[in-house]
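Values quoted throughout were computed directly from the atomic coordinates according to the rules given, and no laboratory measurement underlies them. Values in this document were obtained by computation on a predicted structure and should not be read as measured data. We place every Cβ from the backbone using ideal geometry, glycine too, and count neighbours over all the protein chains shown.
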Amino acid sequence: MFLKINRVKMLAVMLLSFTLVLSACSNKQSVSKSGSASETYPSDPIEVIVSYSAGGSSDLGTRTLMQYVEKELGVPVVVVNKPGGGGWVGWEELLNSEPDGNTIALINTPNLTTGYMDPNAGRDENLDDFELIANQITDPGVIAIKKDEDRFNNLEELIEYAKKNTTTTTSTGVAGDDHIAALKMNKTFGTKFNAVQNGGAGESTTAVLGGHVDVLFANVGDVTTLYNDKEIKVLAVMSKERSPLLPDVPTLEEEGFEGVVSSSSRGYAAPKGVDEEKMKVLRDAFEKAIQNEEHIKKMEETGLQVNYQDPEAFEASLQKEEKEIEGIKDLLNW
C-alpha cells in the first residue's frame, strides 16, 4: 500500500513539473510573438557613417550630436569616416548595409541630391531609398581667403581678379554646394572660378592655408573658429541674411553682388526597409538629442546653427532642393 501511494505522489509531481515547463515555454513564445521591435532595439552598437574626412564641420557636428544620441539610445554610437565621391562612397555603403537599424549615416545636401540626379553618375538610387530620421544643421556658404593673401583683400577685389584670372576654389564634391556656388558666381558675375575637388572641409581649409588653392568656398561651420582666431579672413556669407555666428561678416548682396545664395543641410538617414518601430526609436532619440539645449550651445560654439526638422519637414526640404537643381542643370552640363 505504501509503495502504491508513493508511486501516485511521484506521478503527480512529474505531471505538475511537466505542466509548469509547458506553461513556461508557452509564455516565452507568447512574449516573443507579442514583443515589439522597439522593446528589444537597440541592443547592439549603432554605426554612423560620415561621408567626409575627419576634422571638418560635418564630422565634428556629428560627433558632438552622437554624445546625446548615445545617451538617449543607451548603446554605443560609433562614428566612421568614409570620404570620397562627393559623399557617395559612404552613402553607397549605407544603402548596401542590412536594414536592421544598426547602420545610419549623415546625409549632406546638396551633395546627396545632385549625386543621384547627375545623369553622368549612372545611379539608380533616389530619395525613396532612404529612411529619413531628422535634419540637424543648416549651414550657409562662405567665401574666405588666408589672412596674408596679397592679391585681393576684399570681395570686390577678388571678383575683379577672378574676372581676369582663372582662380581656384575648394569643393567637397562635384555638384556639391561649394561647386555649385562657384559655378553660380561664374554665371552671375563673369568670374573664372575653377573648383578643385577634395575629400572634405578639413582638406579644403588646409589647401587654402597652405597656398595650394586660391579661395576657400566652404560653410560658416568650417570657418568660425579659424575666423575668431584670426587665422582666416571671411569675405562674405552666401545667404540672404547675415549669420548670427558671424554677425560682422556681410552677405554677398550687402557687398553689391546679388543673386547667389548657397547653404548645406545636414541630417541623418537609414537605408530603406528598417522596421517602422525601430525607426520611431531612432527618430525620437534624434529629436531629443538635436533639441537638447546643451547640444545647441555646443553647436553654436563651433559655428554650426541647429535647424531641427522632423522626417516630413526634412523630406519636403529635400524635394524643394530637387526642383532647384533642375533649374541649374545647364550650369552642371547635364
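Taking other C-beta atoms within 10 Å as the exposure proxy, Leu216, Leu155 rank Leu155, Leu216 from fewest upward.
Tally the DSSP beta bridges in the chain and give the antiparallel ones as a percent, rounded to 5. Each step should come with its number before you reach the end.
Details: 26 of 41 bridges.
If we restrict to bridges inside the chain, about 65 percent are antiparallel.
Please give the charge dipole size of the stretch 183-320, origin at the Cα centre, charges +1 on K and R Cβ atoms and -1 on D and E Cβ atoms. Round to the nearest 20 debye. Each step should come with its number before you reach the end.
Details: 16 positive and 23 negative charges, 86 e Å.
For this selection, approximately 420 debye.
The label point for Asp150 and the one for Glu326, both projected 7 Å from the Cα toward the Cβ, are 5.1 nm apart. Only the Cβ atoms of Lys and Arg (+1) and of Asp and Glu (-1) were treated as charged; on that basis the dipole of the stretch 140-262 about its Cα centre amounts to roughly 320 debye.
Taking the Cα centre of the chain as the origin, how large is its charge dipole in debye, to the nearest 20, when only Lys and Arg (+1) and Asp and Glu (-1) carry charge on their Cβ atoms? Please report the intermediate quantities before stating the final value.
Working: 32 positive and 53 negative charges, 306 e Å.
Roughly 1480 debye, rounded to the nearest 20.
By the beta-carbon count within 10 Å of each Cβ, the least crowded to most crowded order of Met238, Met117, fewest first, is Met117, Met238.
Structure remark: mean-square fluctuation, Gaussian network model of the chain, C-alpha springs under 10 Å; the largest value among Val249, Val234, Val223 belongs to Val249. Footprinting exposure proxy ranking of Arg151, Arg242, fewest other C-beta atoms within 10 angstrom first, gives Arg151, Arg242.
For a 30 Å ceiling on Cα separation, which of these pairs sit above it: Lys272/Lys320; Lys146/Lys288; Lys233/Lys297; Lys184/Lys280? Mind dumping the intermediate values first?
Numbers: Lys272/Lys320 21 Å; Lys146/Lys288 38 Å; Lys233/Lys297 24 Å; Lys184/Lys280 39 Å.
Table pairs above 30 Å Cα-Cα are Lys146/Lys288; Lys184/Lys280.
To test your reading of the geometry: what angle, between 0 and 90 degrees and rounded to tens, separates the Cα axis of helix 155-164 from the longest principal axis of the chain? Once rounded, the angle reads 70 degrees. Convex hull volume of the C-alpha atoms in the stretch 140-262, normalised per residue: 87 Å³. Projecting the Cα atoms of Thr188, Ser262, Phe152 onto the charge dipole of the stretch 140-262 (Cβ charges, centred on the Cα centre) puts Thr188 farthest toward the positive pole. Annotation: the antiparallel percentage among DSSP beta bridges lying fully within the stretch 140-262 is about 60.
Comparing mean-square fluctuations of Ser265, Ser97, Ser51 from a GNM of the chain with C-alpha springs under 10 Å, the top value falls on Ser97.
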